[in-house]
Amino acid sequence: MNIKKIAAAALTAVMGFGLVACGSTATTSSTTTTGGATTTAAAGATTTTASGSTSGSFTTAEKGVLHVATNAAFPPYESTTDDGGFTGIDIDLANAIADKLGLTVTVDNMDFGSIVAAVSGGKSDIGMAGMSVTDERKKSVDFTDTYANSKQVIIVTEDSDIQTPDDLSKADKIGCQEGTTGYMYCSDTPENGGYGEDHVIAYNNGIIAVQALLAGKVDAVVIDEQPAKEYVKSNPGTKILDAAFTDEDYAICVSKNNPELREAVNNALNELKADGTVQQIIDKYITAD
Ligand code: ARG
């Protein structure tokens, strides 16, 4: 199968495969009041009127706070620091957005596969996790405009027989991060361009997947390009294959019950794109190679 075909199949896989359990209805009330002052609304939610240049009223789960759901094992988008904090593109961008909305960020660190449910259920206000926009996820949450592009790449050991995406069909086991587009793509049936569930092992995060590669438990790891570069940098003996597949867009997810917040976050994001802040944040963490 050639690469184009693989990419097309991957998109089909992304669109056709269930990522998160559907049917999780949001329970948080998102009553919104108009007017300038911060007002307590129903079910513990609060309404804030954006400060700065971003206008409009919106509701967050906790007064004055933007709860950001992420999975902080995905550098350079998000990772933990030695002192127990969080760093990365998504963290800086979340802070810049929160600033514009007159909020402070609280990071809710969790398994990647739990983020959509945390946001759709209203526990977290937004999800920022290098999350690719997929039709399947759109059934559960809304997305802002996109702020980055990515692709899935293949990591192998330096001496590997696997040299092209086609060779992945020879792999006994492929390692992925659970709940990700890489997992969906690889675990799909061969008819749909995947390699079949039996050939895929889902790890809790990409770091563990790369450790499994070095330990010989999997023959390759399929994961997003920028994290792959970071993992390879810190794991000598591994490399990224030149040929990649799938183009994906990262965006911020917001509860479908909170269109006012999506609007406010999206406006803030677009202001930060227009004034160059988004690019500055990306350049801080990703240097041209
Ligand atoms: N872009 C991929 C997806 O949306 C992987 C994202 C994983 N993110 C993370 N923070 N672990 O499925």
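The values are calculated or read from the model by the stated rules, or taken from the named source; none is laboratory data. Fair warning: this is a prediction, and the values are worked out from it, not measured in the lab. Methodologically, a virtual Cβ is constructed for each residue, glycine included, from the backbone with ideal geometry; neighbour enumeration extends over all protein chains shown. Ligands, DNA and RNA are stripped out before the accessible areas are found, and what is left, the full protein with its side chains, is counted by its heavy atoms. Shrake-Rupley method; radii C 1.70, N 1.55, O 1.52, S 1.80 Å.
Things to note:
- Over 23 Å between alpha carbons, listed pairs LYS100/LYS233; LYS229/LYS256; LYS256/LYS284; LYS151/LYS239: LYS100/LYS233; LYS229/LYS256; LYS256/LYS284
- Size of electric dipole in region 158-206: Cβ of Lys, Arg +1 and of Asp, Glu -1, about Cα centre, debye, nearest 20: 160
- Label-point separation in nm, LYS229 to ASN192, each point 7 Å along Cα→Cβ: 3.1
- Averaged over its residues, region 94-236 has an accessible area of 38 Å² per residue, based on protein heavy atoms and a 1.4 Å probe.
- For region 194-268, a Kirkwood hydrodynamic radius built from all Cα pairs, placed in the Stokes-Einstein relation at 10 °C and 1.306 mPa s, yields a translational diffusion coefficient of 105 µm²/s.
- Under Karplus coefficients 6.51, -1.76 and 1.60, residue-wise ³J(HN,Hα) of region 174-189 in Hz, glycine/proline x: 10, x, 9, 8, 4, x, 9, 4, x, 5, 4, 4, 5, 7, 5, 6
- Largest to smallest accessible area among GLU191, GLU263, GLU78 [probe 1.4 Å]: GLU191, GLU263, GLU78
- Computed Rg/Rh of region 122-164, alpha carbon atoms with Kirkwood Rh: 1.17
- Of the solvent-accessible surface of region 158-282, computed with a 1.4 Å probe over protein heavy atoms with every protein chain present, carbon and sulfur atoms account for 44 percent.
- Only protein heavy atoms count here; under a 1.4 Å probe, ASP283 has an accessible surface of about 80 Å².
- Other residues within the sphere of radius under 10 Å centred on the Cβ of ASN204, judged by their own Cβ, net out at -2 (K and R +1, D and E -1).
- Amide H to amide H distances under 5 Å link THR238 with GLU158, where only residues 5 or more positions off or on other chains count and H is placed in the peptide plane.
- Taking all protein chains together and a 1.4 Å probe, the residues ILE115, ILE207 rank ILE207, ILE115 from largest to smallest accessible area.
- The alpha-carbon of LYS173 sits under 16 angstrom from the alpha-carbons of these lysines, leaving out residues fewer than 8 places away in its chain: LYS217.
- LYS138 - accessible surface, heavy atoms, 1.4 Å probe, Å² rounded to 10: 90
- With each label modelled as a point 7 angstrom along the Cα→C-beta vector, the ASP159-LYS217 pair spans 2.1 nm.
- Signed unit charges on C-beta, dipole axis of region 135-270, positive-most listed residue GLY193, ALA228, ALA264: ALA264
- Computed label-point distance, nm, for sites THR81 and ASP242 using a 7 Å Cα→Cβ extension: 4.0
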